[in-house]
Amino acid sequence: MRLYNTLTRREEDFAPSVDGTVRMYTCGLTVYARGHIGNFRTFVATDVLRRALRHQEGYPMRHVMNYTDVDDRTILESQKAGVPLREYTGRFIEGFLEDAALLGLEPVEEAPRATDQANIDAMGETIRALDRNGHTYASEGSIYFKISTLPEYGKLAHLDHAGIQSGARIDADKYEKENARDFVLWKATKAGEPTWDPGIGPGRPGWHIECSVMALRLLGDPPIDIHSGGVDLIFPHHENEIAQAEGATGTPFVRFWFHVEHLMIEDEEHGTEKMSKSLGNVFNLADIVERGFRPSALRYLYLGTHYRKQLKFSWTAMRQAEEALKRITDFLARVEALASSAEAGNTTVRQTLDTAAKAFADHIADDLNTAAALGIMFDLVRALNSAIDAGDLTGTDAAGVRATFDTFDTVLGVLCLRRSEDERPPVPVAEIEQLIEARKAARLARNFPEADRVRKELEARGILLEDTGSVTRWKRK
Ligand code: AMP
Ligand code: ZN
């Protein structure tokens, strides 16, 4: 499989370095708010990478995706809410898990929280190792990484060393490339902030140290195979992760850096901009569902653009994604409905399937070109629909067609998601039944506006009611 590597700025052949298992780390959600659909673009792209490596290339995975549950933003928001940090962030971890399941993300092997005691202890050890290797200094109770001690600092983000001010410090977790400074590893205790002391003085971790430490602790000896995140993390987060890990171990940290481009959104005032909580232009998965779309349509929308290109979100694009996905599921339903026949399978159909399967796999192996792979799937649907029209594709071929689409879906993860949505109505069955009873009671009391309101409410939520005599049945819209 060929993968683009941000470190070398080119595509390279990928294979795992140890035991044939892929050791991969993904920067997870900062759990101070519900993840938005921009965040999930990155998580779905990473999930497709995981699925391609696992199901198409056949590698076992050891994949760690963390929760950033202590940083500037989580502390600030938990303080505003008056809720202890771990309890506050726990709520958004639950929300993330719900959304991740709705979008068909495969569970990862390890999902650590930065504040798990084992991670805090390991941060203390790594900072002590950095200190022994001469990469740190202390100031006013905080510990900083001295970037001038690492000549390779800036290799991922291609920093211009002329602009770096030696000795200047920065305490914030996020800052711009133009502001490359000595960054904070361990922040001195402040009143009202949570604090730990893993043997390096009381304080709390800077954001960057958390990921280096969780990756090294849970994935074994460096270099790990793949590290992923959105492009905004290249600097400073990933640059600093490299500095910390390589400064502490003296060994390269990561072989392949995988970065996903942003989900963008049109803004009347500012034009096209990155979807981001700080710009206040975010939609969550719940907003998408509220507008009548299914999570599978959003997953399909993500797949339609190569992960290294920006993706512009719009409701029109959502509608198109829904239509395209429906064309595929309609075709598959048509195949299922073909009567089984005693005829032998059609060799031309078999060849068409094999050619498409090979082309699909080649596009995926070509730096995860999901857009081109979907194109292959569409051409196949068109060709096979014509074959059904012409009577050339019969029930005998159905199993082969199904198997080919199932193979595509091990990587795409969208058709199985759709099927599970079909099995699970958009409103819990018990609630539907309760509302049907409420409507019946309203009708008996001749309160027809109320009965009508209940029917409309269910319809807006994707459930249609059908009355036959005194019996009311429901079905999906
Ligand atoms: P955060 O919770 O801010 O740490 O972000 C979680 C992940 O989402 C990171 O990998 C970010 O790079 C990624 N991300 C944030 N905004 C976007 C966006 N608009 N499009 C794609 N990925 C994003
Ligand atoms: Zn990270």
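The values are calculated or read from the model by the stated rules, or taken from the named source; none is laboratory data. None of these values were measured; they are calculated from a predicted model. We place every Cβ from the backbone using ideal geometry, glycine too, and count neighbours over all the protein chains shown. Note: accessible area is taken over every heavy atom of the protein model, side chains too, but ligands, DNA and RNA are not part of it. Shrake-Rupley method; radii C 1.70, N 1.55, O 1.52, S 1.80 Å.
Quick notes
- Whether segment 197-237 is rounded, prolate or oblate, judged on the alpha carbon gyration tensor where a/c under 1.5 counts as rounded: oblate
- Accessible surface of segment 261-324, 1.4 Å probe, proportion on carbon and sulfur as whole %: 45
- Spatial separation of Cα centroids for segment 166-209 and segment 1-57, in angstrom: 27
- With a cut-off of 11 Å between beta carbons, the residues surrounding G280 carry a summed charge of -1, where Lys and Arg count +1 and Asp and Glu -1.
- Given a 1.4 Å probe and the protein chains as shown, H63 ends up with an accessible area of around 10 Å².
- Segment E431-A101, extension gain: residue separation times 0.36 nm, minus the distance between their alpha carbons: 116.7 nm
- Gain upon complete extension [R86, T149; 0.36 nm per residue less C-alpha separation]: 19.2 nm
- By accessible area with a 1.4 Å probe, ligands and nucleic acids excluded, highest first: order of S341, S212: S341, S212
- The C-alpha atoms of the chain define a longest principal axis, and helix 207-219 lies at about 70 degrees to it.
- Normalised alpha carbon radius of gyration of segment 17-260 [divisor 2.2 N^0.38 Å]: 0.98
- Ranked by solvent-accessible area (1.4 Å probe, protein heavy atoms only, all chains present), the residues D422, D221, D232 order from largest to smallest as D221, D422, D232.
- Pair-distance profile P(r), taking every C-alpha pair of segment 268-427, with 5 angstrom steps and integer %: 2, 8, 16, 19, 17, 14, 11, 7, 4, 2, 1, 0, 0
- Accessible area per residue in Å² at 1.4 Å probe, computed on the chain: 45
- Simple spin-label estimate for E343 and R453 gives 5.8 nm between the two label positions (7 Å along the Cα-to-Cβ direction from each Cα).
- The alpha carbon radius of gyration of the chain, expressed as a multiple of 2.2 N^0.38 Å, is 1.14.
- Sorted peptide list for 144-150, 164-170, 180-186, criterion being average Cβ within 10 angstrom, highest first: 180-186, 144-150, 164-170
- Computed label-point distance, nm, for sites A15 and K358 using a 7 Å Cα→Cβ extension: 2.2
- Value of relative contact order over segment 214-320, rounded to a whole percent, pairs C-alpha under 8 Å and six or more apart: 25
- Relative contact order, whole percent, for the chain stands at 16, derived from Cα pairs under 8 Å and 6 or more residues apart.
- Solvent-accessible surface ranking, highest first, for E466, E261, E421 at 1.4 angstrom: E466, E261, E421
- Mean silhouette area of segment 293-380, derived from the convex hull of its C-alpha atoms and averaged over all directions, reads 6.8 nm².
- Relative pair counts by distance (%), Cα atoms of segment 72-140, 10 Å bins: 16, 30, 33, 17, 4
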